[in-house]
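Visitor: If you scroll down you'll find the structure; I have some questions about it.
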Amino acid sequence: MSDIREKDISDLGSAFSKFNNLQIFQLNLSWNKLGSQGLLGLCLAIEHLTYLIDLSINLSSKIVGYENIQKLGTALAGFKYLSKLDLNLSSNNIGDFGACSLANSLQNLSNLNSLKLNLRSVIAALQNIIQNQKPFIGNKLSAFQCLKLSVRNPRSDQGL
């Protein structure tokens with residue numbers, strides 16, 4: 001099986017633009033070699049899916065870095081109908097900047113009531129989201145019907 005690369009994502013982007021009324025979308029790109037341009041292509045591709053209400057994206061295993069998470073966050077922030085988001089960013093190095101950027105983007109999702117966020121091996125990022133985004137966390141959590149945070153510190157069994 002070959003990896004999905006930047007060119008493949010560009011081709012997917014062209015295909016996605018034809019699904020104007022798509023409401024549920026699941027995409028698993030874990031363990032692929034997208035690179036910065038590939039992730040940018042993915043973000044541009046999913047921006048066409050404006051009527052999504054349920055989105056699941058798996059970008060685990062060193063696909064997303066802190067410099068790219070802002071692009072993804074900007075793409076996510078445009079989904080005004082999105083009520084369910086499952087985002088797997090485990091084993092990525094998004095850092096504090098990326099965590100803040102992601103949290104800021106999630107604030108714009110006014111219809112979001114179900115969030116599954118997998119940040120395994122991204123402990124500092126999760127702590128940053130919780131500590132620096134207290135108004136978002138406090139205001140949004142009361143409206144959530146489902147919240148699943150998957151966190152594991154690879155260096156200890158103590159968790160947060």
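Visitor: Does the stretch 23-71 hold any residues that are modelled with pLDDT under 80 and among the acidic types (D, E), and which are they?
Guide: The answer is E67, and nothing else.
Visitor: State whether the residues of the stretch 80-90 include one that is at pLDDT below 90 and buried (at least 16 other Cβ atoms within 10 Å of the Cβ).
Guide: Yes, there is a match, as at least one residue in the stretch 80-90 is at pLDDT below 90 and buried (at least 16 other Cβ atoms within 10 Å of the Cβ).
Visitor: Among the residues of the stretch 47-66, are any under 11 Å from the mean Cα position of the chain (by Cα) and assigned to a helix (DSSP H, G or I)?
Guide: Among the residues of the stretch 47-66, not one is under 11 Å from the mean Cα position of the chain (by Cα) and assigned to a helix (DSSP H, G or I), which makes the answer no.
Visitor: Identify all residues within the stretch 94-110 that are over 24 Å from T50 (Cα atoms) and either outside any helix (DSSP H, G or I) or of a type in the set (D, E, K, R) (or both); write none if there are none.
Guide: I94, D96
Visitor: Contact list please: Cβ distance under 9 Å, first residue in the stretch 20-49 and of a type in the set (S, T, N, Q), second residue assigned to a helix (DSSP H, G or I) and at pLDDT 85 or above, pairs at least six apart or on different chains.
Guide: If the second residue must be assigned to a helix (DSSP H, G or I) and at pLDDT 85 or above, the pairs left are S36/K71.
Visitor: I've got another one for you. Taking S14, is it free of Cβ contacts under 8 Å to residues at least 60 places away in the same chain and either outside any loop (DSSP other than H, G, I, E, B) or within 23 Å of L119 (Cα to Cα) (or both)?
Guide: Judged against the criteria, S14 is a match.
The values are calculated or read from the model by the stated rules, or taken from the named source; none is laboratory data. The model shown is predicted, which means the values in this text are computed figures rather than measured ones. Cβ coordinates were reconstructed from backbone atoms using ideal geometry, including for glycine residues, and neighbour counts include every protein chain displayed.
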